[in-house]
Amino acid sequence: MLTAIRWLVFSISLLPFISLLCAAIQDTLGPDPADTLAIETGVWTLRFLLLSLAITPLRELSGWVRLVPYRRTFGLFALFYASVHFLTYIVFLLQFRWLEIFDDILDRPYITVGFLSFLILVVLGCTSSKVMMRKLGRRWKKIHTLVYLANILGLIHLIWILRTDLTEAVIYGSILLPLLIYRAYKYFVARRAKAGLLSRVDMA
């Protein structure tokens with residue numbers, strides 16, 4: 001049953017890519033296909049990032065531990081769509097003019113933040129396996145807190161791209177903010193609990 005659900009989640013997560021691929025083949029992406037493809041893959045990257053970020057609060061609030069594996073699944077799909085987004089930029093927008101990539105990253109702030117978010121996702125993807133978890137030990141958790149920064153940079157990147165119509169960015173921002181607040185709340189509660197424990201040990 002669990003395997004079937006995981007395959008269903010995997011298949012549904014691939015649907016946006018298949019839909020975009022079919023639209024590209026049929027030439028129905030609109031007057032500027034490359035721009036449409038870049039925007040759509042970027043938006044889906046942020047959606048999967050938010051889904052990945054939401055898993056831990058949902059699991060802790062609901063007690064449903066079976067949600068845990070999907071945090072990694074959604075995170076890897078965020079990396080997948082981010083990679084397609086980056087390839088779209090290189091292939092269709094820059095047309096393999098490699099030297100211009102570095103100029104764009106340095107000179108255009110919205111590309112800078114987007115590229116930084118992409119690099120973070122690459123690092124998280126490369127360290128997401130159980131083998132890497134064992135090798136990195138406690139450092140693994142610290143490294144994977146970068147997912148919050150990736151979300152923030154991804155949202156800023158989207159705001160810069162959309163510019164005139166920020167409705168979608170506001171929606172994603174209103175989802176991201178409570179998730180960040182929840183994470184901050186858990187962090188400070190844990191610190192206070194640790195400080196209280198240390199004080200009791202000192203007094204003993």
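The values are calculated or read from the model by the stated rules, or taken from the named source; none is laboratory data. Quick caveat: nothing in here was measured; it's all calculated off a predicted structure. So basically every Cβ, Gly included, is an ideal-geometry build from the backbone, and we count neighbours across all protein chains shown.
Listed values, structure above:
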{"quantity": "Neighbours by Cβ (under 9 Å, 6+ apart or cross-chain): first from the stretch 79-93, on the phi < 0 side of the Ramachandran plot; second outside any helix (DSSP H, G or I) and among the hydrophobic types (A, V, I, L, M, F, W, C)", "calculated": "90/96"}
{"quantity": "Lone qualifier among 105, 111, 171, 181 - being aliphatic (A, V, I, L, M) and surrounded by 16 or more Cβ atoms within 10 Å (Cβ to Cβ)", "calculated": "111"}
{"quantity": "Hits in the stretch 1-43 - residues which are surrounded by fewer than 16 Cβ atoms within 10 Å (Cβ to Cβ) and of a type in the set (D, E, K, R)", "calculated": "6, 27, 32, 35"}
{"quantity": "Residue check for residue 101: closer than 16 Å to residue 82 by Cβ and modelled with pLDDT under 90", "calculated": "yes"}
{"quantity": "Residue in the stretch 19-29 that is in a helix (DSSP H, G or I), at negative phi and within 18 Å of the chain's Cα centre (by Cα) present", "calculated": "no"}
{"quantity": "Unmet requirement for residue 100, which otherwise passes all of (1) more than 24 Å from residue 139 (Cα to Cα); (2) surrounded by 18 or more Cβ atoms within 10 Å (Cβ to Cβ)", "calculated": "(2)"}
{"quantity": "Scope the stretch 57-81; condition among the β-branched types (Val, Ile, Thr) and surrounded by fewer than 17 Cβ atoms within 10 Å (Cβ to Cβ); matching residues", "calculated": "65, 68"}
{"quantity": "Which numbered condition residue 199 misses (of (1) farther than 22 Å from residue 35 by Cβ; (2) modelled with pLDDT of 95 or more; (3) of a type in the set (S, T, N, Q))", "calculated": "(2)"}
